[in-house]
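The values are calculated or read from the model by the stated rules, or taken from the named source; none is laboratory data. What you see is a predicted model; the values in this text were computed from it and never measured. We place every Cβ from the backbone using ideal geometry, glycine too, and count neighbours over all the protein chains shown. Side chains included, ligands, DNA and RNA excluded: accessible areas come from the protein's heavy atoms. Shrake-Rupley method; radii C 1.70, N 1.55, O 1.52, S 1.80 Å.
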Amino acid sequence: MADPRVLLVHGWGFGPAFWAPMRERLGWADASVADLGFFGGGQGVAPAALAAFCQEDRPVLAVGHSLGFLWLASQVALPAGSFLAGINAFGCFAARPDFSAGAAPRLLARMAQGLDKAPLTVVNDFRARCGAAALPDGATLDVPALRNGLALLREGDARASLARMGARVAVLASEDDPIVPQAMSVASLPASLNPVWATGGHLLPQTAPDACAAFVSQCRQTMREMRP
């Protein structure tokens, strides 16, 4: 049986190039990269095409960073036999009555309001919190796409669907993540899921690419071993 297809989905405020350090370590020429369109799109599989991509001829190893994981877990139906891998990931981000470990919804609301007047400032403020370089003045931003991403962070909840996936989901989390603290990681994931822990902040595919490559490679091996 052929190896599963591989799909990488980046998080909010980033693009397909985010994965470059990890992809270099993996050396997988067949990995596809999604483009959620925050910088205008066109560099990978677009959101509208993700569902069709995932339902093609064989299972998918779907790897999501941060919002990208929540997107995969809540917006895309993966075919039978697929595996969902998360890095700096969560099943729910914004706090709600049954999820006190989440981020305050008002913070996301302020970011959404700021997109109307100064989108580059909002994105660069977030990137600074992550430890990423600022985008240059004049950078192309797609404000509706950014706003949709914030709406998913505010409203998305994939905890039930992750629980149904059982052993076909794994997460690499960071012990020093300023965006997704350990308490949020643990509380937002099924109790049966034990995250793999690393250090390197919120941008593990860039700050700890070797650990991320090893994690994703292990997920692919797990898929092979789970085949009937």
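May I ask you to say which residue of ARG106, ARG58 is more than 19 Å from the chain's Cα centre (by Cα) and either closer than 27 Å to ILE179 by Cα or modelled with pLDDT of 90 or more (or both)? Working first, answer last.
Working: ARG58 fails: either closer than 27 Å to ILE179 by Cα or modelled with pLDDT of 90 or more (or both).
After ruling out the rest, the residue left standing is ARG106.
If a residue has to be over 16 Å from LEU152 (Cα atoms) and either in a strand (DSSP E or B) or open to solvent by 10 Å² or more (accessible area, probe 1.4 Å) (or both) to count, how many in the stretch 82-110 make the cut?
Number of matching residues: 9.
What residue, of VAL123, VAL63, VAL45, VAL76, is in contact with a Gly (Cβ under 6 Å, 6 or more places away or on another chain) and over 19 Å from MET184 (Cα atoms)? Step through it out loud before you land on a result.
Details: VAL63 fails: in contact with a Gly (Cβ under 6 Å, 6 or more places away or on another chain); VAL45 fails: in contact with a Gly (Cβ under 6 Å, 6 or more places away or on another chain); VAL76 fails: in contact with a Gly (Cβ under 6 Å, 6 or more places away or on another chain).
Exactly one residue qualifies, and that residue is VAL123.
Given the residues GLY131, GLY166, GLY138, GLY81, which is the only one that is of a type outside the set (D, E, K, R), at positive phi and touching a Pro at 6+ places or on another chain (Cβ under 6 Å)? Please lay out each step first, then the result.
On the way: GLY131 fails: touching a Pro at 6+ places or on another chain (Cβ under 6 Å); GLY166 fails: touching a Pro at 6+ places or on another chain (Cβ under 6 Å); GLY138 fails: touching a Pro at 6+ places or on another chain (Cβ under 6 Å).
Result: GLY81 is the single residue among GLY131, GLY166, GLY138, GLY81 that is of a type outside the set (D, E, K, R), at positive phi and touching a Pro at 6+ places or on another chain (Cβ under 6 Å).
Taking the criterion of being open to solvent by 40 Å² or more (accessible area, probe 1.4 Å), of a type outside the set (Asp, Glu) and in contact with a Lys or Arg (Cβ under 8 Å, 6 or more places away or on another chain), would at least one residue in the stretch 156-171 satisfy it?
No, that holds for no residue.
In the stretch 39-81, what residues are part of a helix (DSSP H, G or I), of a type in the set (Gly, Ala, Ser), open to solvent by 40 Å² or more (accessible area, probe 1.4 Å) and within 25 Å of CYS92 (Cβ to Cβ)?
The answer is ALA48, ALA51, SER74.
Taking LEU153 and the conditions (1) assigned to a helix (DSSP H, G or I); (2) surrounded by fewer than 22 Cβ atoms within 10 Å (Cβ to Cβ), which numbered condition does it fall short on, given that it satisfies the others?
Here LEU153 clears every test but (2).
Look at the stretch 182-226 and say how many of its residues are in contact (Cβ under 8 Å) with a residue 40 or more places away in the chain and open to solvent by less than 70 Å² (accessible area, probe 1.4 Å).
Of the residues in the stretch 182-226, 23 are in contact (Cβ under 8 Å) with a residue 40 or more places away in the chain and open to solvent by less than 70 Å² (accessible area, probe 1.4 Å).
Exactly one condition in (1) of a type in the set (D, E, K, R); (2) within 14 Å of the chain's Cα centre (by Cα); (3) surrounded by fewer than 19 Cβ atoms within 10 Å (Cβ to Cβ) is not met by ASP35; state its number.
Only one criterion in (1) of a type in the set (D, E, K, R); (2) within 14 Å of the chain's Cα centre (by Cα); (3) surrounded by fewer than 19 Cβ atoms within 10 Å (Cβ to Cβ) is unmet by ASP35, namely (3).
For the stretch 1-27, which positions are assigned to a loop (DSSP other than H, G, I, E, B) and open to solvent by 50 Å² or more (accessible area, probe 1.4 Å)?
Within the stretch 1-27, the subset assigned to a loop (DSSP other than H, G, I, E, B) is 1-4, 10-15, 27.
The answer is MET1, ALA2, ASP3, GLY27.
Go through (1) of a type outside the set (A, V, I, L, M); (2) in contact with a Cys (Cβ under 7 Å, 6 or more places away or on another chain); (3) at pLDDT 95 or above and name the single condition PRO79 misses.
Checking PRO79 against (1) of a type outside the set (A, V, I, L, M); (2) in contact with a Cys (Cβ under 7 Å, 6 or more places away or on another chain); (3) at pLDDT 95 or above, the one that fails is (3).
List pairs: first residue in the stretch 157-172 and more than 14 Å from ALA80 (Cα to Cα), second residue modelled with pLDDT under 95 and β-branched (Val, Ile, Thr) anywhere in the structure, Cβ distance under 8 angstrom, at least six positions apart or on different chains.
ALA170/THR222
What single numbered condition from (1) open to solvent by 40 Å² or more (accessible area, probe 1.4 Å); (2) at pLDDT below 95; (3) more than 18 Å from PHE39 (Cα to Cα) fails to hold for GLN113?
All conditions pass for GLN113, except number (2).
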